[in-house]
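Worksheet: one structure, shown below.
What follows draws every value from the coordinates through simple rules; no lab data is involved. Just so it is clear, the model here is predicted, and its values are computed rather than measured. Cβ coordinates were reconstructed from backbone atoms using ideal geometry, including for glycine residues, and neighbour counts include every protein chain displayed.
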């Protein structure tokens, strides 16, 4: 697909997103659109990490850090609610850098475990400390102040559509930043790192530094969504930001197709946000049925829906995991021509880092 | 000729296994040095230590008067040691040109914000990198497949691409791990010519290779390893005729081939 066609589709989708809340009177449908877009954006942040070879399961935690920062500012300070947007991003980025400096010291595999631990710790911290209102959570977060348009008119944030437009604006901004990053030399270095970490080192790419950058940027991006979620839901509870959410984020990306940094998460999130709603009919069994469906889908198409449709290959998740544990310069698969058959190769594995 | 790289008392043990044992050798500027030995002799481990992927248990590695022991691999590349892996490894989702452009990353001057905003300076730098990448690609003979993905190229071309990427990092010492393994005779000839050319451009080359004819043709000097120790050193002809080397390593067949 040429880039012109892609832009045309993107603009069409945007126009559709702008028009839909006006055409549909159901607040429930608009709510589903909000959830879909929010989930998709978080999955995009996940794919960003994946491109640089990071399997980051802590994103829901940073989403929570953004949301809680906003909640605290809105309920406990006199600062304008809007100020919570940049502050949330700064706090999340700062925390991610501190966490990243520690977690990224180890191997890419140990990072996965570390990020999972972070995903568990963040909601525990929110729940345990009275400072964050414990498990009762933060309630009564006011929406952001109206934006005056002159002559008495103003954009007010109250209805579902108004929140959808707020989210849409934030999402478009985040996506444009992502796109610009992917096209910059940093994006190229990330891609190189993700495709082959060892080869990347032989072109002088510092994995530690570039992965720290991707970790910080993706954490900052989900903090934007944390801000949105706080002002939209007006109530924050620790359990919303638990590790399961992080795993869901990963599933949105995988289902859509991890080779597609924007379209994949949008499609995956749409399916996985709407599917459980559609399955409400089966009542309490909904999570079981959803889970089973996801397993079937992922087994049948590890490249995701878009990967299956387009035939564009990226590493699927299995390959990705294998690549993380590969020794320097080893072949992707097969190709054992004149490999050094001795203990030295295996022993190398043990001693690397 | 001055010494560009030196290994002194280099030792690497993995648990109880000593892969490289008290190895010393030096690499002179603008020479092609062959590192040979039977399977398991420790050649790959030496390469991994020279490029910063594996830290020696003991010993010293000096590149242009500077110790590189303990430096991570990316920093070693940054200093000017290029490495080409034994197997065809390329960035598979990037085109041939892009694969080489990645190699110029360490030279970039444009700030990340400039690159994001696509300022004039950033775009000019990008264009300059692309032009230089294309020059390298033409030089190694991949000009006709610039926009292909590496996976669509034959094995020989993939190996050439790995060399091109390494050249883009501007190395002064290039480590080639089995550059002609798995190649047909015409690909081999092309690669041999390329390696000579690289040396003539002033880049010192160290290679590990099993193909004895290539070693004899190409190398100015060889160092022979067996069980992690150096058992011989000298010009290829002399080393190949050395009875110790024949007995320990070459065997009758390879000896005849040479």
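The packing ranking, built from the mean of other Cβ atoms within 10 Å per residue, places the peptides A:19-30, A:240-251 in the order A:240-251, A:19-30, highest first.
For residue B:200 and residue B:39, calculate 0.36 nm times their separation in residues minus their Cα-Cα distance, and state this gained length in nm to one decimal.
Values: separation 161, 0.36 × 161 = 57.96 nm, distance 3.03 nm.
Length difference between fully extended and current span is 54.9 nm.
Taking the 0 to 90 degree range and rounding to the nearest ten, how far is the long axis of helix A:185-195 tilted relative to the main principal axis of chain A, both from C-alpha atoms? In chain A, helix A:185-195 runs at an angle near 60 degrees to the longest axis.
Once the mean of 1/r is taken over each pair of separate Cα atoms and inverted, region B:1-54 shows a Kirkwood hydrodynamic radius of 12.0 Å.
In plain terms, the bigger the Kirkwood radius, the slower the diffusion; for region A:154-261, with that radius from Cα pairs, at 4 °C and 1.567 mPa s, Stokes-Einstein puts D at 79 µm²/s.
Applying 1/(1 + (r/R0)^6) with R0 = 25 Å to the Cβ-Cβ distance of residue B:22 and residue A:209 gives a FRET efficiency near 0.10. Solvent-free Debye calculation, one equal scatterer per alpha-carbon of region A:11-65: log10 I(q)/I(0) at 0.25 Å⁻¹ equals -0.95. The ellipsoid that matches the Cα gyration tensor of the protein assembly as shown has semi-axes, each √(5λ) in whole angstrom, of 53, 24, 22, with the longest given first.
Per-residue mean of foreign Cβ neighbours for B:48-55 is 4 (Cβ atoms of other chains, 10 Å radius). Computed from the alpha carbon positions, the gyration tensor of chain A leads to an equivalent ellipsoid with semi-axes of 36, 24, 20 Å, biggest first. Rounded to the nearest angstrom and listed largest first, the equivalent-ellipsoid semi-axes of chain B from its Cα gyration tensor are 33, 22, 15. The calculated 222 nm mean residue ellipticity attributable to helices in chain A amounts to -22500 deg cm²/dmol, summing -39500 (n - 2.57) over DSSP H runs of n ≥ 4 and dividing by all residues.
Among the residues of B:160-173, the average count of other protein chain beta-carbon atoms within 10 Å of the residue beta-carbon is 1. Annotation: region A:58-101 has a Kirkwood hydrodynamic radius of 10.5 angstrom, from the mean reciprocal C-alpha pair distance. Sorted on the mean count of surrounding Cβ atoms within 10 Å across their residues, most packed first, peptides B:96-108, B:142-154, A:216-228 read A:216-228, B:96-108, B:142-154. For peptide B:101-110, the mean count of partner chain Cβ atoms within 10 Å of a residue's Cβ comes to 4.
Mean separation of Cα pairs under 8 Å and 6 or more residues apart, divided by the residue count, gives chain A a relative contact order of 27 percent.
Pairwise Cα distances in region B:138-211 exceed 21 Å for 22 percent of all pairs. Here the ratio of the Cα radius of gyration of region B:91-170 to 2.2 N^0.38 Å is 1.11.
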